[in-house]
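A.B. asks: Sharing a structure below in structure tokens format, with a few things to ask.
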Amino acid sequence: MNRKRIHILFLGGAKRVSMARLFKQAAAGMGYEAVLFSYELDQCVPIACEATIIKGSRWSDADVLEKLDEAVDLYGIDIIVPFVDGAVAVAANYAAKYPGKVFVPTGSAETAELMFDKVRAAATFEAAGLPIPATYIPGTPCLKLIAKPRHGSASKGIFEISSIEALDRIMLRSDDYLIQERIDNRRELTVDCYVSVTDGKPLAISPRVRNVTVGGEVSDTETVNFPEAVELTERVLSSLSLRGAITVQLICDLDVEGRLLIMEINPRLGGGAVCSVIAGADIPRLIIAEALGMDLNEHKPQPGVRICRYMQEVVFVDGVLKSSAK
């Protein structure tokens, strides 16, 4: 059977090999062949085993939108999917500058920039009446604190504060950090979501526990039946008018019954979203279906689906892909 082709460009999809395969699987189930590309700074990245690598500009380069548009035209791109923080605003700005040219499963660039500024995001959550860990107020007698870089990601640069001296050091650079209460006895959850870009309807909400993380990325995660997390996520999506692929990070305070808090929101697919997709929250299928103008149905994930990740080699010789395991 001859399949129609749909060309999908990942932005910063370097390590998202499993997700690439799920996009291909979703497209095949809809009668399409997904042809994948990934926009990277380096040709030798793992996604090369599933996608054609396009060497491009940095997200911060002044000409990034023009260079991206050249790639869209050259390769006939139909969908752009950002996978790293810096790429989300780029994708949103591209959609705004070239309306209708490709489908981009994100909200506005302004929303992306807000969510990636932890100080502004926390203030926005509070203003919307959404629960977050208490933000530190200078002079408040509290030394059980955590300082997160204002524009950080992947848990890099986070400091735990347990002394006056440590607090004094951080306060010298307080504008660079979000300082909040530290919740030591906690359970961390991630909720993978997809909200229709067209009408704002939530189509997938999949909570999962983060059992093990390595370098800020989950390596062991399992979908769970957690109605309270789904309910809070629905409030978040509605209050903030989020669109596209969304990752909501939550903390369950185990010392206070029923206390569920927002840690952060990333307006993109998370690294562990593979677990939710396998469990039935088929976000790649929803993205492709919305891009093609098909009818969209809500996807309900199955609890109890667990994935454990492992290292795998992709071999290049003189910059050319030679082998990879499947």
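A.B. asks: Starting from residues that are crowded, with 23+ Cβ neighbours inside 10 Å and of a type in the set (K, R), keep the ones in segment 250-307 and report whichever is farthest from F10 (Cα to Cα).
C.D. replies: The selected residue is R285.
A.B. asks: Which residues, taken from segment 2-41, are touching a residue at least 24 places away in the same chain (Cβ under 8 Å) and assigned to a loop (DSSP other than H, G, I, E, B)?
C.D. replies: Within segment 2-41, R3, G12, G13, A14, K15, R16, M30, G31 meet the criteria.
A.B. asks: Checking D295 against (1) in contact (Cβ under 8 Å) with a residue 12 or more places away in the chain; (2) under 27 Å from K24 (Cβ atoms); (3) not in a strand (DSSP E or B): exactly one of these is not met. Which one?
C.D. replies: Of (1) in contact (Cβ under 8 Å) with a residue 12 or more places away in the chain; (2) under 27 Å from K24 (Cβ atoms); (3) not in a strand (DSSP E or B), only one is false for D295: (1).
A.B. asks: With the structure loaded, tell me whether S276 is of a type in the set (G, A, S), assigned to a helix (DSSP H, G or I) and touching an Asp or Glu at 6+ places or on another chain (Cβ under 7 Å) or whether it fails that test. It would help to see each step written out before you state the result.
C.D. replies: On the way: of a type in the set (G, A, S): yes; assigned to a helix (DSSP H, G or I): yes; touching an Asp or Glu at 6+ places or on another chain (Cβ under 7 Å): yes.
Yes: the conditions hold for S276.
A.B. asks: Filtering segment 21-64 down to residues that are closer than 13 Å to I288 by Cβ and touching a Ser or Thr at 6+ places or on another chain (Cβ under 9 Å), which residue is surrounded by the most Cβ atoms within 10 Å (Cβ to Cβ)?
C.D. replies: Across segment 21-64, the extreme among qualifying residues is L36.
A.B. asks: Among strands (runs of 3 or more DSSP E) lying entirely in segment 149-220, which contain 1 or more residues that are among the small types (G, A, S) and touching a residue at least 24 places away in the same chain (Cβ under 8 Å)?
C.D. replies: Strands (runs of 3 or more DSSP E) meeting the threshold: 202-214.
A.B. asks: Does V305 fit the bill of being closer than 15 Å to L189 by Cα and in contact (Cβ under 8 Å) with a residue 60 or more places away in the chain?
C.D. replies: Yes: the conditions hold for V305.
Throughout, read-outs are computed from the coordinates displayed, never taken from laboratory work. Here the structure is a predicted model, which means the values were calculated and not measured. Heads up, the Cβs are rebuilt from the backbone with ideal geometry, glycines too, and the neighbour counts pull from every protein chain shown.
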